[in-house]
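The values are calculated or read from the model by the stated rules, or taken from the named source; none is laboratory data. Nothing here was measured: the structure is a model prediction, and the numbers come from that model. Don't worry about glycine lacking a Cβ; one is built from the backbone with ideal geometry, like all the others, and counts go over all protein chains shown. Areas reflect the complete protein model, heavy atoms only, side chains present, ligands, DNA and RNA absent. Shrake-Rupley method; radii C 1.70, N 1.55, O 1.52, S 1.80 Å.
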Amino acid sequence: MPTWTTEQQQAIDLRGKSLLVAAAAGSGKTAVLVERIIQIISDEACPVDLDQLLVVTFTNAAAVEMKERIGAAIQKQLLEHPMSEHLYRQSMLLQKAQITTLHAFCLDLVRQNFFRLGLDPQLKIANETENQLLLSEALDEVLERYYSDEECLEKFVQ
């Protein structure tokens with residue numbers, strides 16, 4: 001079992017509130033969150049199903065890693081408690097759990113409520129290439145507008 005810093009242990013133990021964990025790369029954020037999740041879903045006094053939690057990261061790689069680590073931790077718990085129906089259930093719920101990126105969570109939320117928002121249900125998130133293209137087009141438009149304005153151009157030339 002790892003030795004946690006005071007701040008890490010506080011993040012693991014805090015209950016009844018949402019939690020934001022922000023720290024430098026390699027500081028143990030993922031390990032702390034996995035431990036927190038395992039403790040929450042393993043709490044015999046008040047067990048919570050994994051699909052009732054929302055775990056949001058910033059990258060797809062981090063979300064995949066988080067799911068893998070949670071799965072491994074559940075399997076480890078199952079080795080210690082092989083008769084636990086609750087842990088078996090958590091193992092099954094892992095694929096359905098909301099462990100995702102912030103963008104994917106927001107997109108899912110928008111898709112579930114597109115009709116309330118007056119949006120097309122087929123909307124999607126732009127990929128990096130599309131983002132760069134849109135940024136380039138916007139920059140071209142702003143520069144074209146700026147250079148076509150004689151007053152702005154005179155200020156620029158001086």
- Want the number for VAL110 to VAL142: 0.36 nm per residue separation, take away the alpha-carbon distance, what's left? 8.5 nm
- Item | For the chain: accessible area per residue (Å², 1.4 Å) | 74
- Item | Binned Cα-Cα distances of the chain, short to long, each 10 Å bin given as a whole percent | 9, 27, 25, 16, 11, 7, 4, 1, 0
- Item | At most 13 other Cβ within 10 Å, DSSP loop - chymotrypsin sites (Phe, Trp or Tyr not before Pro), the stretch 8-110 | PHE58
- Message: Can you give me the distance in nm between label points at PHE58 and MET83, each placed 7 Å from the Cα along the Cα-to-Cβ direction?
- Response: 4.6
- Kindly express, to the nearest 10 degrees and within the range 0 to 90, the angle between helix 29-42's C-alpha long axis and the longest C-alpha principal axis of the chain. 50
- Item | Accessible surface, 1.4 Å probe, highest first, among residues SER84, SER27 | SER27, SER84
- Task: Report the far tail of the P(r) of the stretch 1-91, meaning the percent of Cα-Cα pairs longer than 23 Å.
- Result: 22
- Task: Within 10 Å, count the other beta carbons around each residue, average over each peptide in 10-20, 91-101, and list them highest first.
- Result: 91-101, 10-20
- Task: Name the residue farthest towards the positive end of the dipole of the stretch 40-127 from the options VAL56, ILE125, LEU102, assuming +1 on Cβ of Lys and Arg, -1 on Cβ of Asp and Glu, about the Cα centre.
- Result: ILE125
- Compute the long axis of helix 128-148 from its Cα atoms, compare it with the longest principal axis of the Cα atoms of the chain, and write down the angle in degrees, 0 to 90, nearest 10. 30
- Specify the angular offset, from 0 to 90 degrees and rounded to the nearest 10, of the alpha carbon long axis of helix 60-80 from the longest principal axis of the alpha carbons in the chain. 0
- Note on the structure: Share of accessible surface on carbon and sulfur in the stretch 38-158, whole %, 1.4 Å probe and ligands ignored, is 57
- So ILE125 and LYS17, fully extended at 0.36 nm per residue minus their Cα-Cα distance, gain in nm 35.9 nm
